[in-house]
Amino acid sequence: MSTKLTELADWVDSVASRTRPAEIHWCTGSAEENASLVNGMLDSGDLLELNQATHPECYLHRSDPDDVARVEHLTFVCTRDRDAAGPNNNWMAPDEAHALMDELFEGCMEGRTMYVIPYCMGPIESPFSRLGVEITDSAYVVANMRLMTRMGSEALARIEREGRFVRGLHSTGELDPDQRYIMHFPEELSIQSYGSGYGGNALLGKKCHALRIASYQARTEGWLAEHMMIVGIENPQGETRYVAAAFPSACGKTNLAMLIPPEPYRSAGWKVHTIGDDICWLHPGKDGRLYAINPEAGFFGVAPGTSNKTNPNALAMLDREAIFTNVAVTDDNQPWWEDLDDRVPALDWKGRPYDPENGPAAHPNSRFTVSIDRCPSYTGESENPAGVPIDAIIFGGRRAALAPLVMEAEDWAHGTFLGAAMASETTAAATGKVGVVRRDPMAMKPFCGYHFGDYWGHWLDVGSKLEHPPKIFQVNWFRRDGDGKFIWPGFGENLRVLEWIMKRCAGEVEARETPVGNLPERNGISTAGLSSEPDLDTLLSVDGREWLGELDEIEKHLEAFQPRVPDALLDWLRKLRDRLSK
Ligand code: OXD
Ligand code: MN
């Protein structure tokens, strides 16, 4: 196979003459192709077979121990104008970046196969979908891209029809952390990634294309590319409302996307329909509402913490046709990770006999890759080319104090302010320190392909043109009591909060106005059926003094993006401060 699209054929030729692969393989996405790639990886040791009786077609990949997470300090946005990338990105001049990468790619695929992966982000027939081609020398990347995107012949056919696609070039190189760069050239619609085989650095359709490049493209085209999950909540009357929610990495976004209603909700008829767990493209519709598609076709989820208690739907989809990266295994070769259950693993993520002295058995950022249609709560609406209409947008974070369980923004600009001010305690999804509070606007800190000031301006612009904008909410499942214990039970019980949000969207319930936003009345969150009564007074309290301190922090945070911070956000800062000072 090759292509009749000259631009694509020429680009593949030019990459091949620089990287000098032994072979070029155009990926079709077929089952036979996948089987042959998997067999090759089993032979080379890139994949290990897991217990095929309990986990048919499941494999384990152990990555290089120095290549286990996204590398934000080595990720660059290369725009001609430095200011366009903003202080939220590392920047390098495009010429300099190209020179650096050209040298790294020179001859790097000698003796290797170069795979050409045409892919479509979003349903093949959707006008909102965008196309890309990733060239890589990693069969593991191909196998993951097959689960994560619509990849192969159908995508190529659309690329040939439209002629426009994002060019992604990837090589694992020598996996040397000092020779590792993830470069984005938004003005050229291209990505170059060298020296890492890890998901977010190597599966270029995901963070690189669907967020960094897409956010840049979305700004020029009038839509939003967001780090959000998408879920449909069906009430007992059979009405489904869709929610898009942004949380920083590893804050339970995947669990929320496939939540199972707890009792008594389940018996009452509540249902949850999963559209996506990580990325959401939002387009204004002709009817004045905002429509969402999930550009991805699979999950690349964090394994540790996934259990029958936290996410039974995820467990149900992980016993077949899944790739596991850096998990541990039991003595009968089943995948295992911390908090899965009380079995003791036999081998840790590095393949050593498990010894608690060596730290966790599974790497804290170990992952599963699986196709979305294996999820029990999957809905065919994921394939709807028109997307699903969004009623509510939720911003969440991990805050031990201050942020209430749920709060509704007064309008779109206030919601944009809440998004811009989002903060969370860091987790293991990126390299760096864990447990530090950092501002992560719209959970896009590592993913926005341009200046945050301009991005907030774009948010305000999109919202101001919507006749029926979604309502915006902020949630915090992670508030702790004096003993450091979580106050709210979380997981499936979060549906209780979503119920209030849904009712607000339907105009069915009153809210309590506070100086910082609208909160549920004391009896607004149902606790029926909970084994113990959570301290809702604390969860729904607003401490004026603490909030004034928070506003000072927010002001400092916004300051870093001046002079591009939109006035509407500064107006909200002033307004909140005035109210709290009274
Ligand atoms: C992810 C992340 O992998 O946000 O989804 O880090
Ligand atoms: Mn993510």
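Here, each number is a calculation from the coordinates, and none is a lab measurement. Keep in mind it's a predicted model, so treat the numbers as computed, not measured. Counting neighbours? That spans all protein chains shown, and the Cβs are built from the backbone with ideal geometry, glycine included.
Hull volume per residue, based on the alpha-carbon atoms of the range 1-120 and their convex hull, is 181 Å³.
When you restrict to C-alpha pairs under 8 Å that are six or more residues apart and normalise by the size of the chain, the relative contact order lands at 15 percent. For the pair the range 6-33 and the range 110-165, the centres of their Cα atoms are 11 angstrom apart. When only the Cβ of Lys, Arg, Asp and Glu is charged (+1, +1, -1, -1), the dipole of the range 299-374 relative to its Cα centre reaches about 260 debye. Sorting 69-76, 519-526 by average packing, meaning the other beta carbons within 10 Å per residue, from highest down gives 69-76, 519-526. Contact order, relative form, for the range 72-133: 20 percent (alpha carbon pairs under 8 Å, 6 or more residues apart, mean separation divided by residue count).
For Lys471, the lysines whose Cα falls under 20 Å of its own Cα, not counting residues fewer than eight places away in the same chain, are Lys253, Lys286, Lys503, Lys575. Using only the C-alpha atoms, the convex hull of the range 299-374 corresponds to 80 Å³ per residue.
With neighbours defined as other Cβ atoms within 10 Å of a residue's Cβ, the residues Thr416, Thr527 order from fewest to most as Thr527, Thr416.
Neighbour counts of C-beta atoms inside 10 Å place Glu7, Glu32 in the sequence Glu32, Glu7, starting with the fewest. Residues Trp281, Trp91, Trp412, Trp488, ranked from the fewest to the most other C-beta atoms within 10 Å, line up as Trp91, Trp412, Trp488, Trp281. Relative intensity of the range 361-505 on a log10 scale, I(q)/I(0) at q = 0.12, 0.15 Å⁻¹, equals -0.65, -1.04, per a Debye sum over C-alpha point scatterers of equal strength in the absence of solvent. In terms of the Cα gyration tensor, with a ≥ b ≥ c the square roots of its eigenvalues, is the range 66-211 rounded because a/c is under 1.5, prolate because a/b exceeds b/c, or oblate? It comes out oblate by the Cα gyration axes. Can you give me the relative contact order of the range 184-305 as a percent, contacts being Cα pairs under 8 Å and 6 or more apart? Result for the range 184-305 is 23 percent.
Within the same chain, lysines fewer than 8 places from Lys582 are excluded, and of the rest, those with a Cα less than 26 Å from its Cα are Lys556. The C-alpha radius of gyration of the chain, expressed as a fraction of 2.2 N^0.38 Å, stands at 0.94.
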